[in-house]
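For reference, the structure is listed below as structure tokens.
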Amino acid sequence: MYSDIIYELENKLNKKKQDYFIKKGRMDNLIEQKKKIEAQLKINNNKIDNYEKVKILLQNTSQFAREQSKKQIEYIITQCLQYIFDPSMEFKIDIVEKSNRIEAEFFVVSNINGEQIVTKPQDSRGGGVVDIISLAIRIAMIQIHNPKIDGPLILDEPAKHVSDEYIVNVADFIKQISTTFKRQVIMVTHNNHLLHSADVCYKVTINDGISTVELINLT
């Protein structure tokens, strides 16, 4: 009788041992998986930290590059406006970030009787200023572009809204740009002042759909 009880208890004990070792094996396996996951998590966190550092570095580098380009463009366009219109005029660019996009607003600053007047280009002295700013932006973008852009500067009626009062300055400015940057200028124009500022001039006429090119003697 006692032997049966002992035998039954031993069977129960063995089953408990088997159940224990099975569960212990599962637990050991889970602990090992946990260690691997924690190690991988640590690696991922380090990667995320490095990515964030790289992101900040790129953002700062990008911001620095934007600021440098902004200053160069402002300088060239300001020099252009001062040369042609008024020594007190300045060109300013306001760069803002909206919804992860970079937007730029252009302004013309004029000093009138000691007071600064800030206007949009289209509101400053009519279309002539817009023409000159557009011309100067093209020149600035070509000059600061990396890699360098070689070849001529091609202009199509670059100052069609500029009044006769300032057009001579435009002609002189374009010649100065050609000399300063050592860049040939090819220009299409109907303006006599710009035409006579050229080194070589060709007249193109169209008759019955046929173009005729004639060399013009400017002397």
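Observations, loosely collected:
- In terms of its C-alpha gyration tensor, the range 1-115 comes out prolate, because a/c is 1.5 or above and the ratio a/b outweighs b/c.
- The chymotrypsin sites (Phe, Trp or Tyr not before Pro) found in the range 160-209 that occupy coil by DSSP, while having at most 16 further C-beta atoms within 10 Å, are F181.
- Rounded D (µm²/s) - the range 94-219, Kirkwood Rh over Cα pairs, Stokes-Einstein at 20 °C, 1.002 mPa s: 124
- Footprinting exposure proxy for I177, I84 (fewest neighbouring C-beta atoms within 10 Å first): I177, I84
- Degrees separating the helix 127-144 axis from the principal Cα axis of the chain, which is the longest one: 60
- Build a GNM of the chain with springs between Cα atoms under 10 Å apart, and of N113, N60, N207 the one that fluctuates most is N207.
- Residues S3, S163, S134, sorted so that the one with the fewest Cβ neighbours within 10 Å comes first: S3, S163, S134
- Each residue of the range 83-97 is assigned a 3J(HN,Hα), and the resulting list reads 5, 8, 9, 7, x, 8, 7, 9, 10, 10, 10, 10, 9, 10, 9 Hz, derived from the Karplus form 6.51 cos²θ - 1.76 cosθ + 1.60 (θ = phi - 60°), x at Gly and Pro.
- Among R101, R183, R138, residue whose mean-square fluctuation peaks in a GNM of the chain (springs only between Cα atoms under 10 Å): R101
- Cα-based shape type of the chain, given that a ≥ b ≥ c are square roots of the gyration tensor eigenvalues and the cut on a/c is 1.5: prolate
- In the elastic network of the chain, a GNM with C-alpha springs shorter than 10 Å, the most mobile of L195, L13, L41 is L13.
- DSSP bridge analysis restricted to the range 150-219 gives an antiparallel fraction near 65%, rounded to the nearest 5.
- For the range 150-219, the Kirkwood hydrodynamic radius from C-alpha pairs, put into Stokes-Einstein at 4 °C and a viscosity of 1.567 mPa s, yields a diffusion coefficient of 98 µm² per second.
- Reducing the range 136-164 and the range 57-110 to their Cα centroids gives an inter-centroid distance of 17 Å.
- By the helix-only formula, in which each DSSP H run with n ≥ 4 contributes -39500 (n - 2.57) and the sum is divided by residues, the chain has a 222 nm mean residue ellipticity of -20000 deg cm²/dmol.
Since every read-out is calculated from the coordinates, none of them should be taken as a lab result. Please read these numbers as outputs of a predicted model, since none were measured by experiment. Here Cβ is always computed from backbone atoms with ideal geometry, including for glycine, and neighbour counts include all displayed protein chains.
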